[in-house]
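The values are calculated or read from the model by the stated rules, or taken from the named source; none is laboratory data. If you're wondering where the values come from, they're calculated on a predicted model, not measured in any experiment. Cβ placement follows ideal geometry from the backbone for every residue including glycine, while neighbour counts extend to all protein chains displayed. Only protein heavy atoms, including side chains, enter the accessible area calculation; ligands, DNA and RNA are left aside. Shrake-Rupley method; radii C 1.70, N 1.55, O 1.52, S 1.80 Å.
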Amino acid sequence: MDEGADKSSGVRKAGYVTVFGKPNAGKSTLMNALLNFNLSVVNRKVQTTRNRISGILTEDNFQIVFIDTPGVLTPKYELHRYMISEIASSFEEADVLLQIVDAAAKDPVEDIRFVRDFFGENLAGKPLVLALNKCDLLPRANLLPLTGKIADEFKFNEIVPVSAAKGENTDRLKKVLVSFLPDGEFFYEEDTLTDKPEKFFAAEIIRDKILSQYHDEIPYSVFVHIQEFSERSDKLVYINAEIIVERESQKAVIIGKRGDSLKKTGALARKSLEHFLGKKVYLELFVKVRKGWRNNKSFVRENMLRNSPS
Ligand SMILES: Nc1nc2c(ncn2[C@@H]2O[C@H](COP(=O)(O)OP(=O)(O)OP(=O)(O)O)[C@@H](O)[C@H]2O)c(=O)[nH]1
Ligand SMILES: [Mg+2]
C-alpha cells in the first residue's frame, strides 16, 4: 500500500477530511492531536462543537484540511438542525471521511450504527476510515475482539485504534489518511492553521469557560456573540462579548452574587484568550436574554453564520 506522499517524486497530495461521530467521541481532541495545536474547543460536556471548524495540517508533501463537526444527534431544536446541516455540508466537500467512536463507550458498535444509519447514502462513494478512540480506557484484551466485530458488521477502508488524548497511534492514523488523499496542489499557504477568523475562536473560548463552570441546561442554552474584536495595538486586543441565554433565571446564575460568577468567567476566559492570541486581552462581558433562542430559526441561522463565516 502506498502510505503517504512519495517524497522523491515531489508529487503533492491535498484534500479534505471530515471528522464525524457521536457527541463526546473525541472529534475535537483528535483533530487537535493531529494538528498538534489546541484549535477546537474540547470539553467533557456533550455538544461542545456547534459549527464545522477547519484545521489545516501541512507537511512536506501533503496538506490535510480537517473539518471538525458537531456530534451527530437526533435534533430537538433549530440549533441542532443547524448543527446537522453543518455536518452534512462538510461531507460534500470531503475527500476522506473519518468516523470516530468512543471504544470505551457502553456499545461502540451501536454508536457506529447510529451514525451510519443517520447519514446513510451521504457516506457512500468516499474512503471511510474509522478511528477507534479512547483506547487508553479500554482493557487491552478487548481491543482485538471489538475491532473484529466492527470489521464484520461494517465496511471501513481501515480501522485505526488511537488515543487522541494521549496522542497514541495518531501518526499511524495520519499516514492512513494521507494514503487516501488525492494528488493535488495545496489549498492554503503552508502556515495557515484554519480558515475561521480569530473572532470565532474567541467566542468558542468564552463559551467553553461557561460549559465548564455550569451544569444542567445552562451549557446548552448559551450563545456567545462577539460585539467587537479590535486590535488596539500589536500587543493588545479589545474584545466585547455578549453571553446570550434563554431565560432570566439563567442570566441571574451567570452573573452571580454581586457579579462574582461573571467576573470568574471573565478572568478564566481572558487567560485562555491571551494564550490563544498571544496578546494581552481587554475583555468585557455582558449577559442578555433572548427567550428560547435555540428554537428560533432566524436567530440560529443569522447568529451562527454571523459568528462563523466560511
Ligand atoms: N481518556 C480519553 N479521553 C478522551 C480521549 N479523547 C477525548 N477524550 C475526552 O472526551 C471528552 C470529549 O472530547 P471532545 O474532543 O470535546 O469530543 P467531541 O467529539 O468533539 O464532542 P462534541 O463536540 O461535544 O461532539 C473530553 O473530556 C476529552 O478530554 C481519549 O483518547 N482518551
Ligand atoms: Mg467537538
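On the protein heavy atoms, probe 1.4 angstrom, tell me the percent of accessible surface of the chain carried by carbon and sulfur.
Carbon and sulfur atoms account for 49 percent of the accessible area of the chain.
For the chain, set up a GNM with springs between Cα atoms under 10 Å and report which of A151, A203, A241 has the largest fluctuation.
Looking only at A151, A203, A241, the biggest GNM fluctuation is shown by A151.
Over region 198-307, what is the mean sequence separation of C-alpha contacts under 8 Å (at least six apart), divided by residue count, expressed as relative contact order in percent? Could you put the intermediate results ahead of the total?
Values: 157 pairs, mean separation 33.0, N = 110.
Relative contact order for region 198-307 comes out at 30 percent.
When the solvent-accessible surface of protein heavy atoms is calculated with a 1.4 angstrom probe, in what order do L39, L262 fall, highest first?
Ranked from most to least accessible, the order is L262, L39.
Using alpha carbons only, how many degrees (0 to 90, rounded to 10) separate the axis of helix 108-119 from the longest principal axis of the chain?
Helix 108-119 and the main axis of the chain meet at about 80 degrees.
What number comes out for accessible area per residue over the chain if the probe is 1.4 Å? Units Å², please.
47 Å²
What does the convex hull of the Cα atoms of region 143-253 come to per residue, in Å³, rounded to a whole number?
For region 143-253, the hull spanned by Cα atoms encloses 222 Å³ per residue.
Which loop GluC sites (Glu not before Pro) in region 204-310, with loop taken from DSSP, have no more than 15 other Cβ atoms within 10 angstrom of their Cβ?
On the way: sites: E204, E217, E228, E231, E242, E246, E248, E274, E284, E302; in loops: E217, E246.
Here the GluC sites (Glu not before Pro) that fit, given the DSSP loop and packing criteria, are E217.
Over the Cα atoms of region 13-179, what Rg and Dmax result, in angstrom?
Rg then Dmax for region 13-179, in Å: 14.6, 44.
Mind jotting down the distance between the C-alpha centroids of region 134-185 and region 22-45, whole Å?
First find each Cα centre; the distance between them is then 16 Å.
Heads up, I need the accessible area for K264: 1.4 angstrom probe, whole protein in place, Å², nearest 10.
Around 110 Å² of this residue is reachable by solvent.
Taking the DSSP beta bridges in region 198-307 as the whole, what percent of them are antiparallel, to the nearest 5? Present the calculation step by step, with values, prior to reporting the outcome.
Details: 8 of 18 bridges.
In region 198-307, approximately 45 percent of DSSP beta bridges are antiparallel ones.
Semi-axes, largest first, in whole Å: what does sqrt of 5 times each Cα gyration tensor eigenvalue give for region 198-307?
23, 17, 11
From zero up to wherever the largest Cα-Cα distance of the chain sits, split into 20 Å bins and tell me the percent of pairs in each.
32, 56, 12, 0
In a GNM of the chain with a 10 Å cut-off on Cα contacts, which of R207, R52, R113 has the highest mean-square fluctuation?
In the Gaussian network model the winner is R113.
Tell me the relative contact order for region 59-148 as a rounded percent, counting alpha carbon contacts under 8 Å between residues six or more apart.
Values: 66 pairs, mean separation 25.1, N = 90.
Normalised by residue count, the contact order of region 59-148 is 28 percent.
Roughly what % of DSSP beta bridges within the chain run antiparallel, to the nearest 5?
Roughly 35 percent of the DSSP beta bridges within the chain come out antiparallel.
Note the angle between two axes, namely the Cα long axis of helix 260-277 and the longest principal axis of the Cα atoms of the chain, as a number of degrees from 0 to 90, rounded to the nearest 10.
Helix 260-277 sits roughly 50 degrees off the main axis of the chain.
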